[in-house]
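Structure, as C-alpha cells:
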Amino acid sequence: MYAIIRAGGKQAKVSSGDVIDIERLKNDAKKLTFSPLLVVDDDGNAVSDPKVLGKAKVTAEVVGETRGPKVDIFKYKSKTGYSRRQGHRQTYTRIEITGITLPGQNKSAKPKEEPAAPKKETAKPKAAASPKKESAKPKEEAASPKKSSAKPKAAAAPKKETAKPKEAKSSEEE
C-alpha cells in the first residue's frame, strides 16, 4: 500500500517504513499526521474520493533534521566591477512513515517484516539422471552425421559472361 502526500508544497509517494526528507517543520512534534491525496492499496485499487480521503491518515515520526547541498550564487555584471557571492543550504526535516490507514479496512499498513526463508521443495530426480536407452546401432554409426531426407544441392554452374569485351577498332577498318 502506498499514498501520495503533500508536505512543504511538494508531493511525495510514500509507503510504510519509508524515510523521506521534507521542508523544515518549525514545530517540535515528534509524531505527524498527513491527509493523503491518493491511496493505492495492495490489490492495486486506487482511492481518490475526497470523502474517503478526508478520513484517511498517513502517520509519520520525526527522525531528525538534515541540510541539503550547498548552492552557490554568483552575480556578475561585466565592465562595471559588480560581483556578489552568496551561498545557501536548505534545512530539511527527516521523517519515517509509520503507517497508512484507510477507513473501511480492518488493518493499517505497517512496515513489512522480512518473512522467514521459504522451505525449498525437494524435486524428484529428472529423467536425465536415469540411464539413457542406447540404440542397437554400433557407436561408429551413431557418431557419423545423420543423413537428411533433403536432396543434396547441385554443384553451382559456372557463371556465364554477359558482357563481351569490346574490341578496339583499328584504324584500318574505319
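The values are calculated or read from the model by the stated rules, or taken from the named source; none is laboratory data. All values derive from a computational prediction rather than experimental measurement. Here the Cβ is made from the backbone with ideal geometry for all residues, glycine too, and neighbour counts use every protein chain on show.
Might you let me know whether segment 52-64 holds any residue that is touching an Asp or Glu at 6+ places or on another chain (Cβ under 9 Å), within 20 Å of M1 (Cβ to Cβ) and part of a strand (DSSP E or B)? Before the answer, list the steps.
Taking segment 52-64 first, the residues touching an Asp or Glu at 6+ places or on another chain (Cβ under 9 Å) are 60-63.
Next cut, within 20 Å of M1 (Cβ to Cβ) only: 60-61.
From the residues that got through so far, the ones that are part of a strand (DSSP E or B) too are 60-61.
Yes, because at least one residue in segment 52-64 is touching an Asp or Glu at 6+ places or on another chain (Cβ under 9 Å), within 20 Å of M1 (Cβ to Cβ) and part of a strand (DSSP E or B).
Could you tell me whether D42 is surrounded by fewer than 12 Cβ atoms within 10 Å (Cβ to Cβ), within 24 Å of the chain's Cα centre (by Cα) and of a type in the set (D, E, K, R)? Write out each step before concluding.
Numbers: surrounded by fewer than 12 Cβ atoms within 10 Å (Cβ to Cβ): yes; within 24 Å of the chain's Cα centre (by Cα): yes; of a type in the set (D, E, K, R): yes.
Yes, satisfied.
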query = If you go through segment 29-39, how many residues are surrounded by fewer than 16 Cβ atoms within 10 Å (Cβ to Cβ) and under 23 Å from G68 (Cα atoms)?
reply = 3
query = Considering segment 79-125 alone, what residues qualify as being among the polar types (S, T, N, Q), closer than 27 Å to D43 by Cα and at pLDDT 85 or above?
reply = T98, T101
request  = Please work out which residue is modelled with the lowest pLDDT, limiting yourself to segment 1-49 and to residues that are under 15 Å from E96 (Cβ atoms) and in contact with a Gly (Cβ under 9 Å, 6 or more places away or on another chain).
outcome  = L25
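Could you say whether any residue in segment 29-38 is in a strand (DSSP E or B), among the hydrophobic types (A, V, I, L, M, F, W, C) and more than 29 Å from M1 (Cα to Cα)? Working first, answer last.
Our first condition is that a residue be in a strand (DSSP E or B); within segment 29-38, this holds for 31-34, 38.
Subset that is among the hydrophobic types (A, V, I, L, M, F, W, C): 32, 34, 38.
Filter once more, keeping what is more than 29 Å from M1 (Cα to Cα): none.
Checked against the condition, which is being in a strand (DSSP E or B), among the hydrophobic types (A, V, I, L, M, F, W, C) and more than 29 Å from M1 (Cα to Cα), segment 29-38 yields no hits at all.
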request  = Just one of (1) assigned to a strand (DSSP E or B); (2) in contact (Cβ under 8 Å) with a residue 24 or more places away in the chain trips up V71, so point out which.
outcome  = (2)
message = Could you check segment 11-23 and list, in sequence order, the residues that are more than 19 Å from the chain's Cα centre (by Cα), surrounded by fewer than 17 Cβ atoms within 10 Å (Cβ to Cβ) and under 13 Å from I95 (Cβ atoms)?
response = G17, V19, E23
inquiry  = Against the condition among the basic types (K, R) and either at pLDDT below 95 or surrounded by 11 or more Cβ atoms within 10 Å (Cβ to Cβ) (or both), how does K70 come out, does it pass?
reply    = no
note = Per the list (1) of a type in the set (K, R); (2) part of a loop (DSSP other than H, G, I, E, B); (3) surrounded by 10 or more Cβ atoms within 10 Å (Cβ to Cβ), residue check on K26 breaks on (3)
query = Could you say which residue among G81, G64, G87 is exposed (fewer than 10 other Cβ atoms within 10 Å of the Cβ) and closer than 27 Å to A29 by Cβ?
reply = G64
